[in-house]
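Here is the structure we will look at.
The values are calculated or read from the model by the stated rules, or taken from the named source; none is laboratory data. Because the structure is predicted, anything quoted here is derived from the model rather than measured. No Cβ is skipped: glycine too gets one built from the backbone with ideal geometry, and neighbour counts run over all protein chains shown. Just so you know, the surface numbers come from the protein's heavy atoms only, side chains and all, with ligands and any DNA or RNA stripped out. Shrake-Rupley method; radii C 1.70, N 1.55, O 1.52, S 1.80 Å.
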Amino acid sequence: MKRIAIIVSALVLMYTVNAVAQPEDHPHFEKHYGDVEVIETDEIKLEVIRPHSQESFTQFTAKIYNKTDDYILVKKHLVSFTSSENGYGTKHPKEDIDFIEPHGDITRTIKVEGGIGYKVEALEISFDGVFSRAPVVGKRTEGGEFKMKPDKNSIMMEPFAVTLKKWRFDTKELSADFKIRYRGESIGIVNESNVKIRKEDGTILENTEAKNKHIIIPPMATRTVTVVRPFKKGAVEKGESVYVVWDEALEAAESVSFEVASISLTYDPDKTKRENK
């Protein structure tokens, strides 16, 4: 037992030694920057949390509150980190776009990485072009329709690409999954309840699986819409076609950018010492 206790003590000592703060020239040593005041505009409140650098990256956590009745679009890849030290230059995160619901909030990591020389003592962070505001009701786009059984699997509808991925259709029921890709620069909106099913005689059948909600699609993103309709006996005859109609279901909400002040980060030796313990 005494030998086991000695071994355990040795392991604890090894762990404690390894847990000691890394030396400044170690790649994982973190250089921390002073606290940043909350940035606030008429549209958002932005908290910049724990900004710091290691040898190969700089990052901070952003908590963003939407103060409006509209959507806020956040193009995180347009955030710029700039320093004149160590050949740092100007760097941007990988391409990524988020949106915030009216009066909602998101928390995201904003990070630039690659190469070395990121442990600089002063940084400027710019939010030029990062934030924009889009209304919750967009402009309806020209729709289209899919024949069932399908004679095509994809339709371009202005800024939307609608692709049929999976379907089942007989005289009892129609069930189909569509992938909707928004190719615009702002916000795409799909209103499921406005997707209709039309019979050959022009009769419109509602989408029974639709909920009265909007599906929001950021730029170049894709969402799935499911259309399901059971048919009463005799409502659809064998060999008869029906059409999934997208008129009135697709909207594009154009966004307007707004300014958010840049921030300056300065090396904080006391905070760095605390964080590297």
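Data for the structure
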| item | result |
| --- | --- |
| Residue within the stretch 143-157 that is under 19 Å from T208 (Cα atoms), open to solvent by 20 Å² or more (accessible area, probe 1.4 Å) and either out of contact with any Leu (no Cβ under 6 Å at 6 or more places or on another chain) or among the polar types (S, T, N, Q) (or both) present | yes |
| Matching residues, the stretch 207-252, being at pLDDT 90 or above, closer than 30 Å to V74 by Cβ and more than 23 Å from the chain's Cα centre (by Cα) | W246 |
| Matching residues in the stretch 153-167 - criterion: being touching a residue at least 12 places away in the same chain (Cβ under 8 Å) and basic (K, R) | K165 |
| Conditions (1) open to solvent by less than 60 Å² (accessible area, probe 1.4 Å); (2) part of a loop (DSSP other than H, G, I, E, B); (3) under 30 Å from P159 (Cβ atoms): number failed by V236 | (3) |
| T266 vs. criteria over 24 Å from K172 (Cα atoms), in contact (Cβ under 8 Å) with a residue 40 or more places away in the chain, open to solvent by 20 Å² or more (accessible area, probe 1.4 Å) and not in a loop (DSSP other than H, G, I, E, B) | yes |
| Check on R140, among the basic types (K, R) and surrounded by fewer than 20 Cβ atoms within 10 Å (Cβ to Cβ) | yes |
| Test set (1) modelled with pLDDT under 90; (2) open to solvent by 60 Å² or more (accessible area, probe 1.4 Å) - K273 fails condition number | (1) |
| Hits in the stretch 27-51 (condition: of a type in the set (F, W, Y) and touching a helix residue (DSSP H, G or I) at 6+ places or on another chain (Cβ under 8 Å)) | Y33 |
| Number of the exception - I72 against (1) within 18 Å of G188 (Cβ to Cβ); (2) free of Cβ contacts under 8 Å to residues at least 60 places away in the same chain; (3) among the aliphatic types (A, V, I, L, M) | (2) |
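Every residue, every condition in (1) outside any loop (DSSP other than H, G, I, E, B); (2) at positive phi; (3) among the β-branched types (V, I, T); (4) touching a residue at least 60 places away in the same chain (Cβ under 8 Å), yes or no:
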position: I189; (1), (2), (3), (4): yes, no, yes, yes
position: S193; (1), (2), (3), (4): yes, no, no, no
position: R198; (1), (2), (3), (4): yes, no, no, no
position: D201; (1), (2), (3), (4): no, no, no, no
position: L205; (1), (2), (3), (4): yes, no, no, no
position: T208; (1), (2), (3), (4): no, no, yes, no
position: I216; (1), (2), (3), (4): yes, no, yes, yes
position: M220; (1), (2), (3), (4): no, yes, no, yes
position: T226; (1), (2), (3), (4): yes, no, yes, no
